[in-house]
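For reference, the structure discussed in these notes is given below.
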């Protein structure tokens, strides 16, 4: 019930291409869906987040698409760059005083020059 | 803004010793801090949640006597790994949040127990 399933585990994309990472959740109480980017030896950095009242959110080259009925959300990275090579984690959380996050298993993205 | 500093970034110590890791929110008051553990090429696993001035809430399977958490102020939380053993070797990451704002993460502490 608390799991967030993320795919693919790894992704290789050519420079300029579109990177797509998918996540699915079960708990319908989740109402906050952030994406984090993590470089080796560093902590995760918040990229973009969405709430279930919208179906899409775009910030620069990063877009979240959200499908509430399917309980799925995805991250699209347009015009992928070698500097985007990192591990990406989706997460889901609930409103409230704690708002703990449940993380997906991560996707290692490699953007080839 | 929203900078979280974690110290030390890397520590190596002998089995049986205790190790303290600090997590500071530098430019905001963190009402809630979280501690995570991450094994190589794996996801972040929440260990505990702490609110300033309150006892930490530990996730199932996390030994509270092994991993002591103190959140004495709105800008500082500490994680002490007591009597550390090689199986405690991992990457420990803290995050901090002000009210209902997003969590901001520190850069982690790599703990190696010999």
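Rule-based calculations on the coordinates, nothing more; no lab input. Treat the numbers as computed from the prediction; the structure is a model and nothing was measured. Glycine also receives a Cβ, built like all others from the backbone with ideal geometry; neighbour counts cover every protein chain displayed.
Mind telling me which of B:73, B:25, B:50 comes out most flexible in a GNM of chain B, alpha-carbon contacts under 10 Å?
It is B:73.
Would you kindly calculate the mean projected area, averaged across all directions, of the convex hull enclosing the Cα atoms of region B:20-114, in square nanometres? Present the calculation step by step, with values, prior to reporting the outcome.
Working: hull surface 24.1 nm².
For region B:20-114, the mean projected area of the Cα convex hull comes to 6.0 nm².
So what is the relative contact order for region A:1-103, in percent, with contacts set as C-alpha pairs under 8 Å and at least six apart?
On the way: 215 pairs, mean separation 34.2, N = 103.
Worked out over region A:1-103, it gives 33 percent.
Using a Gaussian network model of chain B with C-alpha springs under 10 Å, which one of B:91, B:67, B:100 is most mobile by mean-square fluctuation?
Between B:91, B:67, B:100, it is B:100 that shows the largest mean-square fluctuation.
Which whole-number percent gives the relative contact order of chain B, counting Cα pairs below 8 Å spaced six or more residues apart? The partial results should precede the final answer.
On the way: 297 pairs, mean separation 42.8, N = 114.
After rounding, I find 38 percent.
Go ahead and set up a Gaussian network model of chain A, Cα springs under 10 Å, then flag whichever of A:72, A:14, A:38 fluctuates most.
Between A:72, A:14, A:38, it is A:14 that shows the largest mean-square fluctuation.
Taking a ≥ b ≥ c as the square roots of the Cα gyration tensor eigenvalues, with a/c under 1.5 meaning rounded and otherwise prolate when a/b beats b/c, else oblate, which class fits region A:30-113? Don't jump to the answer; show the numbers that get you there.
Working: a/c = 2.27, a/b = 1.42, b/c = 1.60.
Oblate shape, in that a/c is at least 1.5 and b/c is the bigger or equal ratio.
Going by a ≥ b ≥ c, the root eigenvalues of the Cα gyration tensor, does region B:2-47 fall in the rounded group (a/c under 1.5), the prolate group (a/b larger than b/c) or the oblate group?
Numbers: a/c = 2.19, a/b = 1.41, b/c = 1.55.
Oblate shape, in that a/c is at least 1.5 and b/c is the bigger or equal ratio.
Let me check against my output: what whole-number percent is the relative contact order of region A:69-113, with C-alpha pairs under 8 Å and at least 6 apart?
Working: 48 pairs, mean separation 19.1, N = 45.
With pairs under 8 Å counted, the relative contact order is 42 percent.
When you have a sec, figure out the Kirkwood radius of the protein assembly as shown from all distinct Cα pair distances and drop it here in Å to one decimal? Intermediate values should be presented prior to the final figure.
On the way: mean 1/r = 0.0553 Å⁻¹.
Here the Kirkwood hydrodynamic radius works out to 18.1 Å.
Give the shape of region B:28-76 as rounded, prolate or oblate, defined through the alpha-carbon gyration tensor: a ≥ b ≥ c are the square roots of its eigenvalues, a/c under 1.5 means rounded, and otherwise the shape is prolate if a/b is larger than b/c and oblate if not. Walk me through the numbers before you get to the answer.
Numbers: a/c = 2.67, a/b = 1.50, b/c = 1.77.
The shape class here is oblate.
Compute the distance in nm between two label points, each set 7 Å from the Cα along the Cα-to-Cβ direction, one at residue B:66 and one at residue B:18.
Between residue B:66 and residue B:18, the label points sit 1.7 nm apart.
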